[in-house]
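Remarks on the structure that follows.
The values are calculated or read from the model by the stated rules, or taken from the named source; none is laboratory data. Here the structure is a predicted model, which is why all the values come from computation and not from measurement. Neighbour counts are summed over all protein chains in view; Cβ atoms, including those assigned to glycine, are modelled from backbone coordinates with ideal geometry. Heavy atoms of the whole protein, side chains included, go into the accessibility calculation; ligands, DNA and RNA do not. Shrake-Rupley method; radii C 1.70, N 1.55, O 1.52, S 1.80 Å.
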Amino acid sequence: MNNEQNEFKKNPLGVQIDLSKFELATEEEKAQQEVMSESTTFFKDGMKKLMKNPLAVFSIIMLCIIILAAVVGPAVIPYEYSEMISVNGRRDKTAKNLAPFEWSKNEQKVIDGGEKLFPHILGTDEQCRDYLVRVLYGTRVSLFVGFFAALLVLIIGLLYGSISGYMGGRVDLIMMRIVDIIYSLPDTLMVILLSVVLKSTLAPAIEGTQLAKLGVNMISLFIVFGLLYWVGMARLIRGQILSIKENEYVLAAQATGAKSGWIIRKHIIPNCLSVIFISTALQIPSAIFTESFLSFIGLGVQAPMPSLGSLANAAREGMQSYPHKLVIPAIVICLLVLSFNLLGDGLRDAFDPKLRR
Amino acid sequence: MSSEYLVEVKDLKQYFPVSTGFMKKTWLKAVDGVSFAIKPGETLGLVGESGCGKTTVGRTLLRLYEPTGGEVLFNGEPVTDRNITQLRKGMQMVFQDPYSSLDPRMTVEDIIGEPLDVHKLYKTRAERRDKILHLMELVGLNAEHATRYAHEFSGGQRQRIGIARALAVDPKFIVCDEPVSALDVSIQAQVVNMFEDLQDKLGVAYLFIAHDLLIVRHISDRIAVMYLGKIVEIADADELNDHPQHPYTISLLSAVPIPDPKITRQRKRIVLEGDVPSPMNMPSGCAFRSRCRYATEKCAQECPKLEDRGNGHFVACWNK
Ligand SMILES: Nc1ncnc2c1ncn2[C@@H]1O[C@H](COP(=O)(O)OP(=O)(O)OP(=O)(O)O)[C@@H](O)[C@H]1O
Ligand code: SF4
Ligand SMILES: [Mg+2]
């Protein structure tokens, strides 16, 4: 009997639980069960998770560097983006297509004479303009387009989506069919067509106004974004509002006597805020990418204003002899788009884990 | 006009439109002519299978849904769209799902304080905080937890938060929609006892909804049994327990476990055959007909009305 029990206990494949390993919980331990973990707010919790994500941290650092360079760089470097290099007040024709850190013949003379000049860190382009300034300025333009296009998309999408979602019923049905139609248009083709059409019709309309400085292309770019790209955002926000409306806490608020205005302000907006932020962050790279692409095929910003896409386009001709002129704007585009996408993904994982699938 | 009853529900109806194919619509009769009354400080239990319309009764009663027909009187005064905001201070609701009924972006303090904010029931921030802390104490929540978010709490604690929110406006009547069915069995008893304590302290009346007769029997003064949108039997809790008359109630009672193996073995369990008919396609006459062992010709032709069988015991069945 005794022997049997011992053998039973030693059976390595047995799944029986050894009761002697368990003890009753003491009062103290029971009390510990009641104590809750440290309180975290939703925002703090999300930030903590974001900071633990190495890709997100990398993208934040990367973006900080690029944005800082694009904002401060052109102010520090004593050349303008449209300025041709000149020495002693005279245009320096020898400063064409310089390699990085190279001086032109005229500049070399000045330096030999004991003066100090700012180096052309990335050389110059075929019109004797400092390339680094152009790249930095182009980055600035791309960022500007990215932010404002995303903002435009956000505003239109938010208004449209929230009206559709909150009204529901037939209004929702009609509004969403319109979205479906716009969604089904091949967007690249539409962007090109619209840009071409707008370019010819807009040019006379804005002549002489402030808008003319921005350039027709830039304006038509924003119109294209405003017309086409808001649909995804509108759909997303409508879906969010529909699902939030279904939650019992909305009903609970109604049961306490709250009016629609209160419910939208206190419950619906706070609950879809994170999704709105995240998808806006993801909209920026898509806008930057579209702008670069349009500029690359010559429908983007107006010369002499550079953008990353038009710089890459201009560099195509000398690709064999000056490959860095193509590679550098391309790398900046890649870094920007990649960082924003990684940041958006990181934000989504940190703030809205439900959205991951 | 004063009345003996705090809440009177008369022939309440709630039909939901359901589209059946392109441009075609039928009505889903979730609640079809329900009447009952509740006295101040009383608990009416409402039982029935899942999907029989219990939640819909509670929500229509509180005008969270616009009723298709019928009338609700609160304190003898008909509830209309116009006076409902004011009346919400008198009637509140505790929801079925403690997870989706609390806004995840709000702290406990703000959740419980929401009814106070909506009705502007305080003059200073300090007064608001005092009221909230008092409510938290009332439902057994630790005052230190006021600044926490709902997701940090267990199901039982969340349900307590929901109860505190319902109590914030000092209501006279609370609809408790299956407040414990989402909770662990071990916690159910605690929460049910808390409901009873609160009733003793505050004198609120409850409409206590559950699909579990055991819990309802414990807390209710009277019990109403629902089947497919209609009340089939309503009686005092003890009366219903000892002398159930409707075949549906009898089968429900036979399924309640009794903690005595001898009795359990002797007892015959009546297992209902067949499924609950879809509320969109109900049998003619008595809705229970398709599963009733005593069904006769008459049951198919005409729907039985609730009728008094003495002792305040009402039954809707042709069979006596
Ligand atoms: N808003 C609505 N629109 C359409 N149909 C609904 C709606 N709410 C409920 N129903 C339908 O009404 C019927 C009754 O639902 P209800 O939620 O009242 O049941 P219940 O008794 O509370 O069930 P449970 O025990 O599962 O909570 C169901 O068939 C349900 O599908
Ligand atoms: S009326 Fe007829 S079918 Fe309905 S419960 Fe009574 S006996 Fe059964
Ligand atoms: Mg329910």
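Below, the figures for the structure above:
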| read-out | value |
| --- | --- |
| Partner chain coverage, peptide B:104-115 - average Cβ within 10 angstrom | 4 |
| For chain B, with +1 on Lys and Arg beta carbons and -1 on Asp and Glu, the positive-most of B:301, B:232, B:112 along the dipole | B:301 |
| Alpha carbon centroid spacing (whole Å) that separates segment B:2-41 from segment B:293-319 | 20 |
| Given charges at Cβ of Lys, Arg, Asp, Glu: the protein assembly as shown dipole, positive-most of B:51, A:218, B:33 | A:218 |
| Accessible area of residue B:318 in the full protein assembly, 1.4 Å probe (Å², nearest 10) | 80 |
| Vicinal HN-Hα couplings computed from phi for segment A:172-189 (Karplus, 6.51 cos²θ - 1.76 cosθ + 1.60; Hz; Gly/Pro x) | 4, 4, 5, 4, 6, 5, 4, 4, 4, 5, 4, 5, 7, 6, x, 6, 4, 4 |
| Distant-in-sequence amide H partners of residue A:122 (H built 1.01 Å from N, under 5 Å) | A:101, A:131, A:132 |
| Cα-Cα P(r), the protein assembly as shown, percent of pairs per 10 Å interval | 3, 11, 17, 16, 14, 12, 10, 8, 5, 3, 1, 0, 0 |
| 10 Å Cβ neighbours from other chains, averaged over peptide B:88-101 | 3 |
| Fraction of beta bridges assigned by DSSP in the protein assembly as shown that are antiparallel (%, nearest 5) | 65 |
| Estimated dipole of segment A:134-355 in Debye, rounded to 20 [Cβ of Lys and Arg +1, of Asp and Glu -1, Cα centre] | 300 |
| Point-to-point label distance, residue B:82-residue B:4, nm (Cα→Cβ direction, 7 Å offset) | 3.0 |
| In Å², nearest 10: area of residue A:233 left accessible to a 1.4 Å probe | 10 |
| All-pairs alpha carbon distance profile, segment B:227-320, 10 Å steps from 0, percent | 15, 44, 32, 9, 0 |
| With DNA, RNA and ligands ignored, accessible area of residue A:225 (1.4 Å probe; Å², nearest 10) | 0 |
| Within the protein assembly as shown: Cβ-based charge dipole about Cα centre, in debye rounded to nearest 20 (Lys, Arg +1; Asp, Glu -1) | 1740 |
| Measure of compaction for segment A:86-128 (Cα Rg per 2.2 N^0.38 Å) | 1.05 |
| Exceeding the 25 Å Cα-Cα cut-off - candidates B:54/B:89; B:54/B:120; B:10/B:268 | B:54/B:120; B:10/B:268 |
| Between segment A:140-170 and segment B:188-204, the Cα center-to-center distance that results, in Å | 49 |
| Furthest towards positive pole of dipole, A:262, B:315, A:149, structure part the protein assembly as shown, Cβ charges | A:149 |
| Quarter of the Cα convex hull surface for chain B, i.e. its orientation-mean projected area (nm²) | 19.5 |
